[in-house]
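Take a look at the structure below.
The values are calculated or read from the model by the stated rules, or taken from the named source; none is laboratory data. Keep in mind the model is a prediction, meaning the values are calculated, not measured. Here Cβ is always computed from backbone atoms with ideal geometry, including for glycine, and neighbour counts include all displayed protein chains. When the accessible area is computed, the model is the full protein with side chains, heavy atoms only, and any ligands, DNA or RNA have been set aside. Shrake-Rupley method; radii C 1.70, N 1.55, O 1.52, S 1.80 Å.
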Amino acid sequence: MSTPALPRFGPQGPFPHAPLAHPLDRKWLHYAFLSRCGQQALIANLSVLGSSTGSVLAHPGAPATGRRSGTGTAAEGQHMAILLLYGEGHGWSATQFNAEQPELPWSAFRLPHPHGEPGAFRVAARSAAPAADVRLTRTSRPCTSQCAPFGDDEHLRWQSEPGVLGTGTLRHGDGTETETGLLGYHERVRGRWSWPTLGGWVFGFVNDPSGPVDQAPPAAVVFTLIQPAYPADAANGSVMLWRDGRMIRHFPRRNLRVAVSGSLDRDRVAMVPPLAGLLGTPPMAAVPGRLLITARLGDDRLVLDFRSHTAGRIINPSETSLHPFSVHETLGPCTVEGRIGGRRIGFRTGGIVEFAGGAHD
């Protein structure tokens, strides 16, 4: 007698099968990785914008008309994708917002999704480079979904999962191909917001690479700080700590102190995508040279000390103003130290931090 199939709880994902109902409704899948050698980085954003009756990212069985070209119809929303690669000796390279992407993107939030089963993930420029052809594997569990309301009727909901492993080929903008092992982070975002009202954010992650290469990192930290234009008390943020693939601490915004100092040399900031200059992009505030975040909760304490080394500045067009919105993907060394549950934690490795803002009315 055959064994009955186990029930599948929740949407097959990565998002619930719910239509985008407003022109400013958005869905993002975010991928960010550093090579274990510390000399390369991969960052990709796959997004859908606008009112629709459904989309491929929301529903795996939906039609894919316009999906791969990034020119989706009004009925299904506007699909876009961008890939950034960084390599020591190669610098930053990026696709336009119309990068080739999978019909069904790999996501740790698709269900069912067992640990240890790699899946293909390929994002590439419409030309030959840059491109990433890797296989990704989840090793950890996600945090609980978090929501930040702001403005009059806008919000941002996100869910994070560190400890994602990757192996494969990166093709940089100069055509150079490298085989690499990756350790990174995956996130899904859904909400409704305009860039001016969103204001800006500081976000980042760091994985401890000292463990076995095929297992969850011994420790991982993700932090967020959203800074909406209004209301004044709308700031939302958190610091989350994973140990061996499971989140063990969540520090809310009221338990965080954030400080920045210095600035990154502007010659170390590359503006992308290649056509960004056509937007008449104004100068941006300097990227902080150092970011220090201190989290305290009872006897638990965690400190993250990030130093900026280089940044790729993504210029996003704004749908509600004439000014673009900038997201700086910043790479650099990060030191993590503290004491959690009576146990000391401490490691130093590379991290990725996003400093975002602009698009002011």
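Could you list, in sequence order, all residues of segment 319-352 that are among the hydroxyl-bearing types (Ser, Thr, Tyr) and closer than 30 Å to Arg26 by Cα? Full working, then the answer.
Pass one, segment 319-352, residues among the hydroxyl-bearing types (Ser, Thr, Tyr): 320-321, 326, 330, 335, 349.
Across segment 319-352, the qualifying residues are Thr320, Ser321, Ser326, Thr330.
Report yes if Gly175 is in contact (Cβ under 8 Å) with a residue 24 or more places away in the chain, among the small types (Gly, Ala, Ser) and either touching a Phe, Trp or Tyr at 6+ places or on another chain (Cβ under 9 Å) or assigned to a strand (DSSP E or B) (or both), otherwise no. Outline the logic, then answer.
Working: in contact (Cβ under 8 Å) with a residue 24 or more places away in the chain: yes; among the small types (Gly, Ala, Ser): yes; either touching a Phe, Trp or Tyr at 6+ places or on another chain (Cβ under 9 Å) or assigned to a strand (DSSP E or B) (or both): no.
It is false that Gly175 is in contact (Cβ under 8 Å) with a residue 24 or more places away in the chain, among the small types (Gly, Ala, Ser) and either touching a Phe, Trp or Tyr at 6+ places or on another chain (Cβ under 9 Å) or assigned to a strand (DSSP E or B) (or both).
Just the residues that are surrounded by 14 or more Cβ atoms within 10 Å (Cβ to Cβ) and either closer than 19 Å to Trp242 by Cα or among the acidic types (Asp, Glu) (or both), please, taken from segment 147-160.
Glu154, Trp158, Gln159, Ser160
Give segment 206-246 a look and list any residue that's aliphatic (A, V, I, L, M) and either open to solvent by 60 Å² or more (accessible area, probe 1.4 Å) or over 21 Å from the mean Cα position of the chain (by Cα) (or both), or say none. Steps first, please.
Of segment 206-246, the ones aliphatic (A, V, I, L, M) are 206, 213, 216, 219-222, 225-226, 229, 232, 234-235, 239-241.
Within segment 206-246, Val213, Ala229, Ala232, Ala234 qualify.
Of the residues in segment 100-124, how many are open to solvent by 20 Å² or more (accessible area, probe 1.4 Å) and among the small types (Gly, Ala, Ser)?
Summing the residues that are open to solvent by 20 Å² or more (accessible area, probe 1.4 Å) and among the small types (Gly, Ala, Ser) in segment 100-124 gives 2.
Would you point out which residue out of Gly119, Gly151 is in contact with a helix residue (DSSP H, G or I) (Cβ under 8 Å, 6 or more places away or on another chain) and of a type in the set (Gly, Ala, Ser)?
Details: Gly119 fails: in contact with a helix residue (DSSP H, G or I) (Cβ under 8 Å, 6 or more places away or on another chain).
After applying the criteria, what remains is Gly151.
Would you confirm whether or not segment 248-258 contains a residue that is in a loop (DSSP other than H, G, I, E, B) and open to solvent by 50 Å² or more (accessible area, probe 1.4 Å)? Please lay out each step first, then the result.
Going residue by residue through segment 248-258, those that are in a loop (DSSP other than H, G, I, E, B) are none.
For segment 248-258, residues in a loop (DSSP other than H, G, I, E, B) and open to solvent by 50 Å² or more (accessible area, probe 1.4 Å): absent.
Among the residues of segment 136-149, is any over 16 Å from the mean Cα position of the chain (by Cα), of a type in the set (A, V, I, L, M) and at pLDDT 95 or above?
Taking every residue of segment 136-149 in turn, none turns out to be over 16 Å from the mean Cα position of the chain (by Cα), of a type in the set (A, V, I, L, M) and at pLDDT 95 or above.
Anything in segment 89-99 that is assigned to a strand (DSSP E or B) and either under 14 Å from Arg171 (Cα atoms) or open to solvent by less than 40 Å² (accessible area, probe 1.4 Å) (or both)? List them, or say none.
The first filter runs over segment 89-99 and keeps only residues assigned to a strand (DSSP E or B), leaving 91-94, 98.
Within segment 89-99, Gly91, Trp92, Ser93, Ala94 meet the criteria.
Could you say which residue among Ser238, Ser194 is over 27 Å from Ile345 (Cβ atoms) and among the polar types (S, T, N, Q)? Give the steps one after another, and end with the answer.
Numbers: Ser238 fails: over 27 Å from Ile345 (Cβ atoms).
Sole residue among the options that is over 27 Å from Ile345 (Cβ atoms) and among the polar types (S, T, N, Q): Ser194.
What is the residue count in segment 132-146 for residues that are in a strand (DSSP E or B) and open to solvent by less than 10 Å² (accessible area, probe 1.4 Å)?
Taking segment 132-146 and keeping what is in a strand (DSSP E or B), we get 132-137, 146.
So of that shortlist, the ones also open to solvent by less than 10 Å² (accessible area, probe 1.4 Å) come out as 132, 134, 136.
Qualifying residue count, segment 132-146: 3.
Condition check: open to solvent by less than 20 Å² (accessible area, probe 1.4 Å), on the phi < 0 side of the Ramachandran plot and not in a strand (DSSP E or B). Does Ser127 satisfy that? Step through it out loud before you land on a result.
On the way: open to solvent by less than 20 Å² (accessible area, probe 1.4 Å): no; on the phi < 0 side of the Ramachandran plot: yes; not in a strand (DSSP E or B): yes.
For Ser127, the condition - open to solvent by less than 20 Å² (accessible area, probe 1.4 Å), on the phi < 0 side of the Ramachandran plot and not in a strand (DSSP E or B) - is not met.
What single numbered condition from (1) under 29 Å from Leu165 (Cα atoms); (2) part of a loop (DSSP other than H, G, I, E, B); (3) touching a residue at least 60 places away in the same chain (Cβ under 8 Å) fails to hold for Thr224?
Only one criterion in (1) under 29 Å from Leu165 (Cα atoms); (2) part of a loop (DSSP other than H, G, I, E, B); (3) touching a residue at least 60 places away in the same chain (Cβ under 8 Å) is unmet by Thr224, namely (2).
Note down all Cβ pairs under 6 Å where the first residue falls in segment 1-27 and is in a loop (DSSP other than H, G, I, E, B) and among the polar types (S, T, N, Q), the second is modelled with pLDDT of 80 or more and surrounded by 13 or more Cβ atoms within 10 Å (Cβ to Cβ), and they're at least six residues apart or on different chains.
Gln12/Leu111
Find the strands (runs of 3 or more DSSP E) located wholly in segment 282-361 whose residues include 1 or more that are modelled with pLDDT under 95, open to solvent by less than 10 Å² (accessible area, probe 1.4 Å) and not charged (D, E, K, R), and list them. It would help to see each step written out before you state the result.
Details: elements: 288-297, 300-307, 310-316, 325-340, 343-358.
Once the strands (runs of 3 or more DSSP E) in segment 282-361 are filtered for at least 1 residues that are modelled with pLDDT under 95, open to solvent by less than 10 Å² (accessible area, probe 1.4 Å) and not charged (D, E, K, R), what remains is 310-316, 325-340, 343-358.
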